[in-house]
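The values are calculated or read from the model by the stated rules, or taken from the named source; none is laboratory data. Everything quoted here is computed from the prediction, not taken from an experiment. Methodologically, a virtual Cβ is constructed for each residue, glycine included, from the backbone with ideal geometry; neighbour enumeration extends over all protein chains shown. For accessibility, only protein heavy atoms count, side chains too; no ligands or nucleic acids. Shrake-Rupley method; radii C 1.70, N 1.55, O 1.52, S 1.80 Å.
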Amino acid sequence: STYIGVCGTCHQRDGAGLRGVFPPLANSDYLMADVDRSIELVLRGLSGPIVVNGESYNGVMPPFSNLTDHEVAEVLTYVRTHFGNSGDPVTDEQVAAVRDRTRPQRGGAHP
(Lines give C-alpha, C1' and ligand atoms only; values in the text may rest on other atoms or scores of the structure.)
Protein backbone atom coordinates (compact mmCIF):
# COMPACT_ATOMS: atom_id res chain seq x y z
CA SER A 1 0.00 0.00 0.00
CA THR A 2 1.00 3.63 -0.43
CA TYR A 3 0.87 4.12 3.34
CA ILE A 4 3.40 1.38 4.09
CA GLY A 5 5.72 2.42 1.27
CA VAL A 6 5.60 6.18 1.74
CA CYS A 7 4.39 7.06 5.24
CA GLY A 8 5.04 4.03 7.41
CA THR A 9 8.80 4.47 7.59
CA CYS A 10 8.49 7.63 9.68
CA HIS A 11 4.96 7.52 11.06
CA GLN A 12 5.28 3.77 11.72
CA ARG A 13 3.10 0.97 10.41
CA ASP A 14 0.64 1.48 13.29
CA GLY A 15 0.48 5.27 12.82
CA ALA A 16 1.93 5.89 16.29
CA GLY A 17 4.84 7.97 14.99
CA LEU A 18 8.05 8.30 16.97
CA ARG A 19 7.61 10.42 20.07
CA GLY A 20 9.36 13.78 19.81
CA VAL A 21 10.50 13.06 16.24
CA PHE A 22 7.65 12.01 13.93
CA PRO A 23 4.11 12.96 14.96
CA PRO A 24 1.47 10.29 15.33
CA LEU A 25 -1.22 9.86 12.74
CA ALA A 26 -3.14 7.62 15.16
CA ASN A 27 -5.89 9.49 16.99
CA SER A 28 -4.35 12.68 15.61
CA ASP A 29 -6.12 15.94 16.41
CA TYR A 30 -3.85 17.79 13.96
CA LEU A 31 -4.53 15.43 11.05
CA MET A 32 -8.27 15.35 11.58
CA ALA A 33 -8.79 19.09 12.15
CA ASP A 34 -8.46 20.20 8.51
CA VAL A 35 -8.61 17.87 5.51
CA ASP A 36 -7.33 20.51 3.04
CA ARG A 37 -4.34 21.20 5.29
CA SER A 38 -3.61 17.46 5.40
CA ILE A 39 -3.72 17.27 1.60
CA GLU A 40 -1.41 20.28 1.35
CA LEU A 41 1.04 18.71 3.82
CA VAL A 42 1.32 15.58 1.69
CA LEU A 43 1.78 17.61 -1.49
CA ARG A 44 4.07 20.37 -0.19
CA GLY A 45 5.66 18.88 2.90
CA LEU A 46 6.03 20.62 6.24
CA SER A 47 8.81 22.19 8.23
CA GLY A 48 8.67 24.03 11.51
CA PRO A 49 6.88 23.59 14.80
CA ILE A 50 3.47 21.95 15.16
CA VAL A 51 1.57 20.52 18.12
CA VAL A 52 -0.07 17.11 17.76
CA ASN A 53 -2.14 15.69 20.59
CA GLY A 54 -0.58 18.22 22.97
CA GLU A 55 3.02 17.36 22.09
CA SER A 56 5.38 19.65 20.17
CA TYR A 57 7.19 18.52 17.03
CA ASN A 58 9.67 20.55 15.02
CA GLY A 59 10.91 18.56 12.09
CA VAL A 60 10.76 18.32 8.34
CA MET A 61 8.41 16.23 6.24
CA PRO A 62 9.38 16.15 2.56
CA PRO A 63 6.80 16.90 -0.11
CA PHE A 64 5.22 13.98 -1.93
CA SER A 65 3.95 15.95 -4.93
CA ASN A 66 5.09 13.07 -7.13
CA LEU A 67 2.10 11.05 -5.91
CA THR A 68 -0.99 11.14 -8.12
CA ASP A 69 -4.19 12.76 -6.89
CA HIS A 70 -5.62 9.26 -6.48
CA GLU A 71 -2.64 8.04 -4.41
CA VAL A 72 -2.87 11.08 -2.10
CA ALA A 73 -6.63 10.61 -1.72
CA GLU A 74 -6.16 6.89 -1.07
CA VAL A 75 -3.49 7.31 1.60
CA LEU A 76 -5.32 10.11 3.41
CA THR A 77 -8.59 8.16 3.30
CA TYR A 78 -6.74 5.20 4.79
CA VAL A 79 -5.19 7.27 7.59
CA ARG A 80 -8.45 9.14 8.29
CA THR A 81 -10.35 5.84 8.70
CA HIS A 82 -7.74 3.79 10.59
CA PHE A 83 -5.56 4.12 13.71
CA GLY A 84 -8.50 5.29 15.83
CA ASN A 85 -9.40 8.12 13.43
CA SER A 86 -12.93 8.48 12.11
CA GLY A 87 -13.13 10.83 9.15
CA ASP A 88 -14.72 11.16 5.76
CA PRO A 89 -12.91 9.75 2.73
CA VAL A 90 -10.76 12.11 0.67
CA THR A 91 -11.59 12.29 -3.03
CA ASP A 92 -9.32 12.65 -6.03
CA GLU A 93 -11.17 15.89 -6.80
CA GLN A 94 -10.38 17.36 -3.37
CA VAL A 95 -6.70 16.61 -3.89
CA ALA A 96 -6.75 18.11 -7.40
CA ALA A 97 -8.36 21.30 -6.07
CA VAL A 98 -5.76 21.71 -3.31
CA ARG A 99 -2.94 20.91 -5.74
CA ASP A 100 -4.20 23.60 -8.16
CA ARG A 101 -4.69 26.15 -5.38
CA THR A 102 -1.26 25.61 -3.83
CA ARG A 103 0.73 25.26 -7.06
CA PRO A 104 3.42 27.96 -7.23
CA GLN A 105 2.36 30.68 -9.62
CA ARG A 106 4.52 31.39 -12.63
CA GLY A 107 5.61 34.97 -13.27
CA GLY A 108 3.30 37.26 -15.18
CA ALA A 109 3.81 38.80 -18.60
CA HIS A 110 7.19 40.33 -19.29
CA PRO A 111 7.68 43.47 -21.35
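Give me the three principal axis extents of segment 1-44 from the C-alpha atoms, as integers in angstrom, largest value leading.
Taking the Cα atoms of segment 1-44, the three principal extents are 23, 21, 15 Å.
Using the Cα centre of the chain as the reference point, and only Cβ charges (+1 on K/R, -1 on D/E), how large is the resulting charge dipole? Debye, rounded to the nearest 20. List each step's numbers first, then the result.
Details: 9 positive and 13 negative charges, 77 e Å.
Once rounded to the nearest 20, the dipole reads 360 debye.
What is segment 1-109's relative contact order, in percent, from Cα pairs under 8 angstrom and six or more apart in sequence?
Details: 155 pairs, mean separation 25.9, N = 109.
It comes to 24 percent, rounded to a whole number.
Quickly work out the ARG19-to-SER65 label distance, labels modelled 7 Å from Cα along the C-beta direction, and quote it in nm with one decimal.
Each label point lies 7 Å from its Cα, and together they span 3.6 nm.
Could you sort ILE39, ILE50 by their accessible area in this structure, using a 1.4 Å probe and putting the largest first? Please report the intermediate quantities before stating the final value.
Details: ILE39 0, ILE50 20 Å².
Greatest to least solvent exposure: ILE50, ILE39.
May I ask for the equivalent-ellipsoid semi-axes of segment 59-101, computed as the square root of five times each C-alpha gyration tensor eigenvalue and listed largest first in whole Å?
Sorted largest first and rounded, they come to 18, 15, 9 Å.
Report the longest stretch of the chain that contains none of the trypsin sites (Lys or Arg not before Pro) sitting in a DSSP loop with at most 16 other Cβ atoms within 10 Å. All intermediate terms of the calculation are to be shown ahead of the outcome.
Numbers: sites that count: ARG13, ARG19, ARG106.
That would be 20-105.
Hey, what number do you get for the chain at 222 nm if only DSSP H runs of n ≥ 4 count, each worth -39500 (n - 2.57), divided across all residues, to the nearest 500?
-10500 deg cm²/dmol
Give me the dipole magnitude in Debye, nearest 20, for segment 3-42 about the Cα centre, with unit charges on the beta carbon: positive for Lys and Arg, negative for Asp and Glu.
Its charge dipole is roughly 220 debye.
Using label points projected 7 Å from each Cα along Cα→Cβ, tell me how many nm separate GLU93 and ILE50, to one decimal.
About 2.6 nm separates the two model spin labels.
With Cβ to Cβ distances under 12 Å as the rule, what net charge do the other residues near LEU46 carry (K, R +1; D, E -1)?
+1
Could you tell me the accessible area of THR77 in Å² (1.4 Å probe, neighbours in place), rounded to the nearest ten?
The accessible area comes out at roughly 30 Å².
If you bin the C-alpha pair distances of the chain every 5 Å from 0, what whole percents do you get?
Distribution as computed: 2, 12, 22, 26, 19, 10, 4, 2, 2, 1, 0, 0 percent.
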